[in-house]
Amino acid sequence: MTPEDALVLLLGRLTFDNLTKVRIFHIVKNGVDWYKFLNICVKRKLICMVYKSLTDLEIIQLLPMIIINNMQYHYEQNQEQNRKFLKVSAPIISYFNNNDILAVPVKGIRFLNTIYSKELGVRILSDIDFIASSKNQSDIHCFMKQSGYNTYLVNNKDVFCSTNTNVKSYFYIKFDEKNSYGKLRIDFDFGYPDDLIQKVQSSEQPVYEFLYLCNSYYEETYNIINSKNIATYNYVKLIDIHEYYSKYLSAYAIKEIFHYADKINSRKQLMFILDCLEALYTDVFHS
């Protein structure tokens, strides 16, 4: 791993323990190719979070001004884009709540109201994600269609379709006046049991949302990566999981988290995530 790669990974967090700070300052002191560093930030979609971290640690002034301006521009643009995501999603979430439709915002859009609420510009979103009950699939489809959205199969590119009970995932896109794709995409995953969706929705026991994140990441990455190269794939989602763990689960004993994981048959997913986190962070303890 190059110094630039390592520095990006170390800066990809909201809070820093002393050991991480020492490692960051050591890399910076020994010299960094800041242009290569910027390219890695962009490639991994971490430019906004890294910019915030560099500012908080008072390292930002060491970068060339052209790179500082570039990072600041991305941060401010992303902050504005996330405000739009929140504005667009608010009436959709409100409709589901008011009509007893079990559809819950998750991942990035949910985190803008929780772990990233004080730093709205750090998390880059590409879409809005929901997990929803298959029982409400027809109601959701009707509402989204009435709201001006068209639906597509997630794993079937550019195919317009009607809802089918055998399909677990749909995404919705609103066409603009020129009949081309807009920037806003809303995804619905109907593959999770109602009981888990309700637990995530209630937020009374954050461990269930954490386990949902573990399950989601495991399903997406387990067959693609292994413990030796975890940092090369979707590091943004690992940051989400770590920040969620730090804010809501740090007081939990690991045995207690495993107890909840066993209830929903997620032990192997939890173990996989903890291994991933341990490879990147010093404040996660796996026993």
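The values are calculated or read from the model by the stated rules, or taken from the named source; none is laboratory data. Note that the structure is a prediction, hence the values are computed from the model and not measured. Reconstructed Cβ throughout: ideal geometry from the backbone, glycine too, with neighbour counts over all protein chains shown.
Annotations
- Options Gln61, Gln81, Gln72: the member that is surrounded by fewer than 18 Cβ atoms within 10 Å (Cβ to Cβ) and modelled with pLDDT under 95: Gln81
- Pair list, Cβ under 7 Å, 6 or more apart: segment 269-283 residue more than 14 Å from Thr221 (Cβ to Cβ), other residue outside any helix (DSSP H, G or I) and of a type in the set (D, E, K, R): Thr282/Asp17; Asp283/Asp17
- Leading residue by the ranking (farthest from Val236 (Cα to Cα)) among those in segment 83-122 that are among the basic types (Lys, Arg) and in a helix (DSSP H, G or I): Lys87
- Enumeration of residues in segment 250-273 that are within 12 Å of Asn215 (Cα to Cα) and in contact with a helix residue (DSSP H, G or I) (Cβ under 8 Å, 6 or more places away or on another chain): Ala261, Ile264, Ser266, Arg267, Lys268, Gln269, Leu270, Phe272, Ile273
- Index of the failed condition, Val50 passing every other in (1) assigned by TED's automatic domain parsing to the domain that holds Met144; (2) not in a strand (DSSP E or B): (1)
- Neighbours by Cβ (under 6 Å, 6+ apart or cross-chain): first from segment 184-199, free of Cβ contacts under 8 Å to residues at least 40 places away in the same chain; second surrounded by 21 or more Cβ atoms within 10 Å (Cβ to Cβ): Lys199/Tyr208
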